[in-house]
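No lab work stands behind these numbers, since they all come straight from the coordinates. It should be emphasised that the depicted structure is a prediction, and the values quoted were computed from it without experimental measurement. Counting neighbours? That spans all protein chains shown, and the Cβs are built from the backbone with ideal geometry, glycine included.
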Amino acid sequence: MKRFAALMTSVALLATQSGVAQMGAPGERPTTLAAAPGPLATKYKADADRILQAAMNDNDGYAALAYLTDHIGKRVSGSPQLNTAIAWGAELMRKAGLQNVQVQPVMVPRWVRGNESATIQYKGEAGPITKPLHMLGLGMSVGTPKGGITAPVVFVHDFAELDALPDAQVKGKVVVYNPGWHGYGIGSMYRTGGPSRAAARGAAAVLVRSATGLALQIPHTGTLRYDEKQPKIPSAAISVEDALLIERLAKEGPVTVHLEMEAHMEPDVKAGNLLGEIVGSEHPEQVVVLGGHIDSWDVGQGAQDDGSGIMATFEAVSLIHKLGLKPKRTIRIVFWVNEENGGAGGRAYRQWIGDRIGDQVAAIEMDGGAEKPLGIGYGGFGGPRRPAPPAPGAAASSATRPGFDIGTLTPEEQRSFASLRDIVSLLGAIGTDTVSPGGGGSDIGPIVADGVPALSPHTVGEHYFDWHHTEADTLDKVDPDSFKRNTAMLSVVAYVLADMDGRLAGRKGEVRE
């Protein structure tokens, strides 16, 4: 941390004031300090204590999550289940007594997986091997021709290895990527950008190791992003074990893959963002918005990703209403649509806000699962980001972002950290009294880019990437106690932000996806 020595005195002072220390490289947990009470904590302690007690005794939020996952289930964009979930959510908000409940129309893509399978064939000196692969087609992928594709494998660890191969060694082949596990940002980079990188070299299809560190023969889907300048080729994720098997066999001799995918696009479907509010008592035009995304992938139940997020944020707002608390500003809950494979909901919300963007006081997104919460992440000022896929022909970089130095923030941003530290000191009873740099999400990204302060729960993050985008993302993965703690934390933070006299600082151009 190159500026640490020069700024040691000021950073130490700020850490005392704000409860935030420097953060190491992405992939490490942010260094945080527990908060201590200040003026905001003194003012809001009684209300916060009521919220915490109500949240930890509440079972309605988890019951709603159970209904969503067990009775509606997976909710991929464009599916009837998604619109069923939106209608159900609207009724839930109305029954909870929220105001201005509405569905903001959004057209979303309709990608259909269809039947799919993959098999490897190896004919080496040690004996032939024919084995079905554990695979899931990547979201938005095209399908194979009828009858499938049968082609030799080209195994690479990274883009640099692919770029080093002559075109003749790639053309017509199935490129298999296994970048290992170095965090979700690296893993998802090969999923999102890998197909077009391979297509640019003439590949017929792509298989990519699932973006997870857990090896349980479970493939992880997720969206890809085709470069419109390149051919669209069929692409699928395979399990960690199968990626490693292909790597070993490819060292012994030629490996062939047979891939069949019926994946295809259908016409866009009308869906919508779901909104509900507690209207502010003094400044109703000013809004603290919080929520998550209501769509999921077409596997599992969408329990952690992101049923837990929308139900925890909903219950956080519902509890404020149940307790009769009247914040000065409006608190708005939003279930955004199409986060997984397009982001249409976040863009539609920004368009709907229009020139009222200055009245968006803060945006809180919960889209990292409801594991045990530690506190709140704030601002995108140094938190880990998903790197964008390199353009075809460019070398991939595995460099991590330099350590976060709080001394680089503006005085206004430093005061905001101090205010948040004061607010989260109210959460000591549930163990979530830390503030860490880095917060936000893709749904709020469009408004955050225009300067709206971004926040998100900071959890232990132990298993989220083991479950999400898989058949294993089911209700049993959501611990009720951790869910309640996330709800309690969100409720206190949202209420105080909506009622306090000051506002947090944002930063234009800071988008964390």
Check your understanding: Once you put a point 7 Å from the Cα of Thr84 and another 7 Å from the Cα of Glu228, both along the Cβ direction, what distance in nm separates them?
Key -> 3.5 nm
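By count of other Cβ within 10 Å, fewest leading, how are Arg94, Arg225 ordered?
Arg94, Arg225
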Check your understanding: Under the rule of -39500 (n - 2.57) per DSSP H run of 4 or more residues, summed and divided by the residues of the chain, what mean residue ellipticity at 222 nm is obtained, to the nearest 500 deg cm²/dmol?
Key -> -10000 deg cm²/dmol
Check your understanding: Length gain on complete extension for the stretch Leu216 to Thr408, per 0.36 nm per residue less the alpha carbon to alpha carbon distance?
Key -> 64.9 nm
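About its Cα centre, how strong a charge dipole does the chain have in debye, to the nearest 20, once Lys and Arg get +1 and Asp and Glu get -1 at the Cβ? Don't skip to the end; give the middle numbers.
Working: 48 positive and 56 negative charges, 150 e Å.
Here the size comes out at about 720 debye.
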Review point. Based on the alpha-carbon gyration tensor of segment 114-262 and its eigenvalue square roots a ≥ b ≥ c, which shape applies: rounded if a/c is under 1.5, prolate if not and a/b is larger than b/c, or oblate?
Key: rounded
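Past 19 Å, Cα to Cα: identify those pairs from Lys326/Lys484; Lys131/Lys477; Lys171/Lys232, in the order given.
Lys326/Lys484; Lys131/Lys477
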Check your understanding: Any idea what angle helix 4-18 forms with the longest principal axis of the chain, computed on alpha-carbon atoms, 0 to 90 degrees, nearest 10?
Key -> 50 degrees
Study note, to complete from the structure: Here P(r) for the chain, Cα-Cα distances in 20 Å bins, as whole percents, is 23, 53, 22, 2
Practice item. Determine, from the Cβ-Cβ distance of Lys146 and Ala429 and an R0 of 51 Å, the FRET efficiency 1/(1 + (r/R0)^6), rounded to the nearest 0.05. Key: 0.25
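Show me 286-294, 143-151 ranked by packing, highest mean number of other Cβ atoms within 10 Å first.
Values: 286-294: 27.2, 143-151: 15.3.
Packing proxy ranking, top to bottom: 286-294, 143-151.
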